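Report on the structure given below.
The values are calculated or read from the model by the stated rules, or taken from the named source; none is laboratory data. A quick note: this is a predicted structure, and the numbers were derived from the prediction, not measured. Don't worry about glycine lacking a Cβ; one is built from the backbone with ideal geometry, like all the others, and counts go over all protein chains shown. Protein only, heavy atoms only, side chains kept; ligands, DNA and RNA dropped before computing areas. Shrake-Rupley method; radii C 1.70, N 1.55, O 1.52, S 1.80 Å.
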Amino acid sequence: VMGALESRGVLRRMSDMLEMLMKRMDILARLENSTDFHKGDEARFPLDRFQPAAGLMERIQAIAQNVSDIAVKVDQILRNSLLNGKVMEGRRDQCEVPRDPKYPDCAGKVEWMRARWTSDPCYAFFGVDGTECSFLIYLSEVEWFCPPLPWRNRTVAVPSPPPAPRAQAAFRRDLARLLELIGTGKESLSFMKKRIRHLAQQWLRAARRLEQKLAGRQRDQKHILIHIGFLTEESGDVFSPRVLKGGPLGEMVQWADILAALFMLGHSLRVTVSLKELQSHLGVPPGRGNCPLTSPLPFDLIYTDYHGLQQMKQHMGLSFKKYRCRVRVIDTFGTEPAYNHEEYATLRGYRTNWGYWNLQPTQFMTMFPHTPDNSFMGFVSEELNQTERQLIKANKVSSMAVVYGKEASIWKGKEKFLAILNKYMEIHGTVYYETQRPPEVPAFVKNHGLLPQHEFQQLLRKAKLFIGFGFPYEGPAPLEAIANGCVFLQARFNPPHSSLNHEFFRGKPTSREATGTAVFQVSSQHPYAEDFIGKPHVWTVDYNNSEEFEAAIKTIMRTQVDPYLPYEYTCEGMLERIHAYIQHQDFCTTPSLPPPPKTKSPAMQSPPSPLALSPNSTHLVWSPSAGWAPQAWPPVASLQVWVSEPQHTCTETCRRRGLVCEPTFFRFLNKEEVFLQLSIACDSTEYEMNHLYPAVAENVRECYLQKEPLLFSCAGYNPKYRRLCPCRDFRRGQVALCRDCL
């Protein structure tokens, strides 16, 4: 109001000045008609100097009139605004909390705001000033807990124009721009950029092959934020200082490959490794993170890790719940549904430091295909051309072994194994040290110190054996060794390592299918190498049995193996997989349901099952005559429904039939009629929350259906139950995708 009053004063002063100017012009006009004036001053004041005076007077008079009119209007506006201000203040003082059954939480939220609105500056940023009306305005217009206030000015909804066509993604031909996006300032970033440069030609060739395979298929360009939370200072960033000291590099290997794949697929990327950058890109309001974002999220997808997920939740307020369907969590060991569902994990004792996010389990993306409940992201290993493969075979030294482990602590207590190995092979190590040789490494071991990646690969290309001593778990190095023609020898864990007997696994949000209990277990150092590759490339033996260990070494020395790399760990395999995920995975829309029955008769309260017995009557398949096919991915034509044995998980049940468990298909078989189709007798059928359901307890003829879709899980078993398992086929060398999934 003060600004308006000052404006009115300025207009009045302008009007006064114009009036003064007109009076002076009038005096000049009268002088113009004076005879004495013409006679005495003709030489100094030519007559043509005053000829335009009449026109100028008219213009000045018009301006003065306009200014006067404006001043009158300003007066009227001020009077009206002051009157309305008094009414508004009255309204602001008189706001009452609406009692609307559509907004049951409104009163409670207002009560909270009364007590806590000063606890976060973000509320003041959105206009909250402690008055009742400001609470209601915020809770109805910024958040959505209260109904809109009727006296608030609201523009009439105008039909929005159709969205502009999205830019199409085009495979890129150069990685230079990606290296700029990654930035500088951390050893971890330097490591990732070196890796991307080293594999650049392989990424380019793989992109060209996938482009040909897709044959010009249209792909929308996605706006993607990559936030590497574990590298932020706020999370501690324990990795960067250890890059040059033998620290774990597996996570950075995977992130480098994810960045390269997303970029090569042609998507628009933003990369952050700081909380401040994250807040800026998301549009976080100033404050402590209790308020929603200031504008709609500008990203279609966000790739982050558990640290980044926690940071986003802390700073996005209610927007986190709204946009979490766009998040993809890079999760090394995986998160099973029983640990992901907050209420269930709390009630059943599955709660850990990393679980309970209530995401769709396939939003978690793993380094290895541990469980089909999560999406398999992976990484890449360097491919060899035919010339390189022949050169490696010719130069292999059958009596040379390289130990897996860059930290001296890994070697501690391994003297017995090393002594046996030293009888047959020359042992090489790559253990980091600064000034003197680590005492844990025996004198007969040739220690090269920490090697750059290309030098380490040259060592693997000469060696016959790559041997693990039980740690680190599930890293990329064994796959790199196998790809360079080594045999990988690892220990079988008996009993399996778990959160009960190893500190490393405590708090991991997965049971790795041990049982229905919350225990993380692995049977070897690298289960993927054991289960998906196996002999002759991978040997898993009991290191506590010296005879078995020594026999394995002798056999390996005599065994000829070629370099081997699973397709899913090639650049093309990873590009293919991520392309399919981006094109088909959608966690923000509700899956389609079967159409309602055409008749309302009591006998047809639900549509007939789209499943039918297979020709050999051993399992169910999607019926060609079902009459409807949902917009599902993977396509339902790949579905097979099998019943597990009591001691088997659904993962194992499907694997024994050459198939993969597909959790997105559980919704199609979580129905009472499916038990009938499989000739399973049910005296009772109950809906309950249990990550093993749907299942049947045959001894008591009790059938159970899943009450909570987030708990559909391929993992876990209980001897009491036989589970209904959704299986599908898969592409050769690409377990993540069905045959028609690309």
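In order along region 485-496, the Karplus-derived 3J(HN,Hα) couplings, from 6.51 cos²θ - 1.76 cosθ + 1.60 at θ = phi - 60°, round to x, 8, 8, 9, 10, 9, 8, 8, 8, 9, x, x Hz, and Gly and Pro are given as x.
For region 383-454, the fraction of 1.4 Å probe accessible surface lying on carbon and sulfur atoms is 51 percent. In the assembled protein chains, Ser625 presents an accessible area of approximately 100 Å² (probe radius 1.4 Å).
Each label point was placed 7 Å from the Cα along the Cα-to-Cβ direction; for Gln647 and Lys321 their separation is 4.6 nm. Taking Cβ atoms as reference points and 11 Å as the exclusive limit, the residues near Ile224 contribute a net charge of +3, counting Lys and Arg as +1 and Asp and Glu as -1. With only Cα atoms counted, region 147-295 has Rg and Dmax values of 20.3, 65 Å. The packing ranking of peptides 189-200, 347-358, highest mean first, is 189-200, 347-358, where packing means the average number of other beta carbon atoms within 10 angstrom of each residue. For the pair Ser280 and Gln218 in one chain, pulling the backbone fully straight at 0.36 nm per residue adds 19.2 nm over the alpha carbon distance.
Packing order of peptides 387-397, 215-225, 367-377, 639-649, highest average first: 367-377, 639-649, 215-225, 387-397 (average count of other Cβ atoms within 10 Å over each peptide's residues). Take every pair of alpha-carbon atoms less than 8 Å apart whose residues are at least six positions apart; their mean separation over the length of region 95-150 yields a relative contact order of 39 percent.
Taking the 1.4 Å solvent-accessible surface of region 611-728 as the whole, the part contributed by carbon and sulfur is 48%.
For region 386-564, the per residue solvent-accessible surface stands at 44 Å², with DNA, RNA and ligands left out and a 1.4 Å probe. Once the 1.4 Å probe is applied to the protein heavy atoms, region 611-728 comes out at 42 Å² accessible per residue.
Expressed as a whole percent, the accessible area of region 175-376 that falls on carbon and sulfur atoms is 48 (1.4 Å probe). Apply the a/c threshold of 1.5 to the C-alpha gyration tensor of region 611-728 and tell me whether it is rounded, prolate or oblate. Rounded shape, in that the Cα axes give a/c under 1.5. Here the simple spin-label model places points 7 Å from the Cα toward Cβ, and for Glu96 and Phe587 these points are separated by 4.5 nm. The radius of gyration of the Cα set in region 95-150, together with its Dmax, comes out at 10.3, 30 angstrom. Taking 7 Å steps out from each Cα toward its Cβ at Ala637 and Asn494 produces label points 4.7 nm apart. Calculated accessible area for region 175-376 comes out at 38 Å² per residue, all protein chains present (probe 1.4 Å; ligands, DNA, RNA ignored). Taking the average, over residues, of other Cβ atoms within 10 Å as the packing measure, peptides 672-680, 705-713 rank 705-713, 672-680 from highest down.
Along region 652-668 the Karplus relation, 6.51 cos²θ - 1.76 cosθ + 1.60 evaluated at θ = phi - 60°, assigns HN-Hα couplings of 5, 4, 6, 4, 5, 10, x, 10, 10, 5, 10, x, 5, 8, 4, 5, 7 Hz to successive residues, with x for each Gly and Pro.
Residues within the reach of a label modelled at Phe444 (point 7 angstrom out along Cα to beta-carbon, backbone nitrogen below 12 Å), restricted to region 390-421, are 415-421. The Kirkwood radius of region 607-679, taken over pairs of alpha-carbon atoms, gives through the Stokes-Einstein law at 4 °C and 1.567 mPa s a diffusion coefficient of 101 µm² s⁻¹. Compactness of region 175-376 is given as radius of gyration and Dmax, 17.5, 51 Å, from Cα positions. For the pair Tyr424 and Asn616, the difference between a 0.36 nm per residue extended length and the Cα-Cα distance amounts to 63.7 nm.
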